[in-house]
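Structure, as structure tokens:
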Ligand SMILES: [Zn+2]
């Protein structure tokens, strides 16, 4: 606590939305953020509306600056939403013991950035999962091929084509019949998540759902 106080004096942190000192995203501002409109695909659960400027800014800080405290804030929101969804489908759809899998970056992108924001989110979500209901899937889904930034491709068909064959599954035997929860920071057209789903299904995974911070 004392150390935190000192750190806050030396490196003051401000809420990305209202600017209040001490928090990266205060709970009041977060509670005011509009929720995302649902993706057309019913297996994708985005949390917040990406068009809301504080969300856009927060996602940027996570993606390019790896802001730990913001990752913690959204990991909590994601975990809450996952837990909520699981109470429904765990029994109804036999969605048990899911593996949490981050959307991977290519090795090139990972080298440039130094971290994978989706992986950092997964690690924080796992820490919150005190009942150990979730399992972290490390190095299961990989991205050997570097692809053009999806955001730069306007056409949906081209986006899908850009991703075809970009993901690979390792340790396939551990996936047979398993349920999967995919995690990413943002989904736009759902093309990345759909391609990942396709590859995982092909490797024998049972049911796959996805959660993202924003859409
Ligand atoms: Zn605030």
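The values are calculated or read from the model by the stated rules, or taken from the named source; none is laboratory data. Note that the structure is predicted; figures quoted are calculated from it, not measured. A quick note on method: Cβ atoms are made from the backbone with ideal geometry, for glycine too, and the neighbour counts reach across all protein chains shown.
Before moving on, here are some points about what is shown:
- Test result for residue 158, at pLDDT 95 or above and either in a loop (DSSP other than H, G, I, E, B) or surrounded by 11 or more Cβ atoms within 10 Å (Cβ to Cβ) (or both): no
- Qualifying residue in the range 52-59 (condition: exposed (fewer than 13 other Cβ atoms within 10 Å of the Cβ), closer than 19 Å to residue 211 by Cβ and touching a helix residue (DSSP H, G or I) at 6+ places or on another chain (Cβ under 9 Å)): no
- Of everything in the range 108-135 that is more than 23 Å from residue 65 (Cβ to Cβ) and without any contact (Cβ under 8 Å) to a residue 40 or more places away in the chain, the residue that is surrounded by the most Cβ atoms within 10 Å (Cβ to Cβ) is 135.
- Only listed residue being surrounded by 12 or more Cβ atoms within 10 Å (Cβ to Cβ), modelled with pLDDT of 95 or more, more than 16 Å from the ligand (Cβ to nearest atom) and in a helix (DSSP H, G or I), chosen from 71, 89: 71
- Neighbours by Cβ (under 9 Å, 6+ apart or cross-chain): first from the range 181-197, within 9 Å of residue 159 (Cβ to Cβ); second in a strand (DSSP E or B): 192/184
- Near pairs, Cβ below 7 angstrom, 6+ apart or cross-chain, from the range 9-20 (in the same structural domain as residue 73 (by TED's automatic domain parsing) and more than 17 Å from residue 31 (Cα to Cα)) to any residue that is away from the ligand (no atom under 14 Å from the Cβ) and at pLDDT below 80: none
- Odd one out for residue 78, checked against (1) in contact with a helix residue (DSSP H, G or I) (Cβ under 8 Å, 6 or more places away or on another chain); (2) away from the ligand (no atom under 16 Å from the Cβ); (3) more than 14 Å from residue 212 (Cα to Cα): (3)
- The listed residues are 112, 124, and the only one of them that is modelled with pLDDT of 95 or more, outside any loop (DSSP other than H, G, I, E, B) and either farther than 16 Å from residue 207 by Cβ or more than 20 Å from the chain's Cα centre (by Cα) (or both) turns out to be 124.
- Boolean, residue 37 is assigned to a helix (DSSP H, G or I), more than 16 Å from the ligand (Cβ to nearest atom) and surrounded by fewer than 19 Cβ atoms within 10 Å (Cβ to Cβ): no
- Some residue of the range 43-51 being within 15 Å of the ligand (Cβ to nearest atom) and closer than 13 Å to residue 215 by Cα: yes
- Subset of the range 24-42 [touching a helix residue (DSSP H, G or I) at 6+ places or on another chain (Cβ under 8 Å) and over 23 Å from residue 116 (Cα atoms)]: 29, 30, 33, 41
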